[in-house]
Amino acid sequence: MHLAHLRLRDFRNYARLDVDFAPGFHLLLGDNAQGKTNILEAAYLVATLRSFRGIGGAHMVRHGQKGYFVGSQVVGQGEHETKMYWSARERSLSLDNQPVRKLTDYLGVLRTVVFCSEDTLLVKGPGRARRRFLDLLLSQTHPTYLSLLQRYALALRSRNALLKRPLVDAAALESFSRELISAGEVIMRLRHELVPKFSPLARLAYRRISNDAEDLRLDYLSSVKHDFAVDLAQSQARERTYRSTLIGPHRDEVQMLLNDRPAGQFGSEGQKRTLAIALKVAQAEYLTGLHGSPPVLLMDDIMGELDLKRRTGLLPLLERAHVARGQVFMTATEANWPKELGRDVQRWIVKGGTLASL
Ligand SMILES: Nc1ncnc2c1ncn2[C@@H]1O[C@H](COP(=O)(O)OP(=O)(O)OP(=O)(O)O)[C@@H](O)[C@H]1O
Ligand SMILES: [Mg+2]
């Protein structure tokens, strides 16, 4: 799968961009604040309809303009054309010139995995970051997962709002609980099934990048010990005290152990960074195994942060993407680009919102 064409209008610091990308490695070189990350952001936006910087549409509109347009041509199983326009008043999304009605028809046209320095939050950050990682992977592999998450989030919000009232309406609570349990049970089951499949991939990736330094293991720790419905009923008294829903998939954790010790508490900075990258490598490999072709890798500045040994550990992944006619976009400044990637790289110079092939 690869992003064959990208078209930007008033997106971030790009007034106008039309560029073709072949499969293979693309190195986006340039000084700071020239628009390297913005290109990755646009590619990710095509894939997920979100920014990996976790911000809304308004930030992505070029200063002083009304709206942005991001269009693409993606070559995978077939060939697809995507178009999206965003302004405060109007949004539109089309796939092959047809308006998109259901997100499930759209997501999956382009699959990407982002590597960026914020990935260390997967190890250091709150449980929410790790749950979101699992959820993203499941929505990339289960067409209905996203709507399940939305159903759960809505039931949770309504239920929590109800619990905040001075007098809780028992019938309403019961009906929100039913919805919470029905969506939540499936979410937990899918996450439970994913982790043991995913963990060996992450373990292997960690070994490769760190040169066999430590052993990594991931476990899914559920806040539900026996049965969601029973446990929820039993937590009622505590719920009244805390005025919020205390168990369910929104409280679950993914434990990450390095040599049997929680990485977040005991890992060194280098170990945490390696672990974060290993998770992303494993994500890419899991998707490749499932879909038969590698996702497009978007690597923002991470190579420069790694020492040569660890960079070398990443090369097999990049190599495989290459062999399978996948695609990798990497940003770097002139000073820190990984020169060992050598001659197979297509180099681009990014300067003040323009892209020039070298
Ligand atoms: N909505 C916007 N409109 C116009 N310019 C913007 C907008 N949002 C961000 N920019 C500008 O885009 C420029 C490039 O941003 P980008 O994050 O892509 O830089 P970069 O090349 O990745 O730099 P670095 O090497 O520092 O990561 C910055 O100068 C930023 O101020
Ligand atoms: Mg950047």
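The values are calculated or read from the model by the stated rules, or taken from the named source; none is laboratory data. Nothing here was measured: the structure is a model prediction, and the numbers come from that model. Because the Cβ atoms are built from the backbone with ideal geometry, glycine has one as well, and the counts that use them run over all protein chains shown.
Scanning segment 11-62 for residues that are away from ligand 2 (no atom under 16 Å from the Cβ), under 19 Å from residue 109 (Cβ atoms) and either under 21 Å from the mean Cα position of the chain (by Cα) or without any contact (Cβ under 8 Å) to a residue 60 or more places away in the chain (or both) yields 20, 46, 47, 48, 49, 50.
Here is the figure for segment 307-358: residues that are among the β-branched types (Val, Ile, Thr), in a strand (DSSP E or B) and either exposed (fewer than 13 other Cβ atoms within 10 Å of the Cβ) or within 21 Å of the chain's Cα centre (by Cα) (or both) total 2. As a summary of the residue check, residue 41 satisfies the conditions (1) in a loop (DSSP other than H, G, I, E, B); (2) modelled with pLDDT of 95 or more; (3) out of contact with any strand residue (DSSP E or B) (no Cβ under 6 Å at 6 or more places or on another chain) except for the one numbered (1).
Of all the residues in segment 27-46, those that are in contact with a helix residue (DSSP H, G or I) (Cβ under 9 Å, 6 or more places away or on another chain) and either over 17 Å from residue 85 (Cβ atoms) or not aliphatic (A, V, I, L, M) (or both) number 6. Per the listing 313, 304, 326, the residue uniquely in the same structural domain as residue 37 (by TED's automatic domain parsing) and within 16 Å of ligand 2 (Cβ to nearest atom) is 304. Within segment 298-341, the set of residues being within 13 Å of residue 29 (Cβ to Cβ) and away from ligand 1 (no atom under 16 Å from the Cβ) comprises 339, 341.
Only one entry of 107, 3, 29, 95 meets the criterion of being within 16 Å of ligand 1 (Cβ to nearest atom) and of a type in the set (A, V, I, L, M, F, W, C), and that entry is 29. Scanning segment 260-306 for residues that are among the hydroxyl-bearing types (Ser, Thr, Tyr) and either in contact with a Ser or Thr (Cβ under 6 Å, 6 or more places away or on another chain) or part of a strand (DSSP E or B) (or both) returns a single hit, 274.
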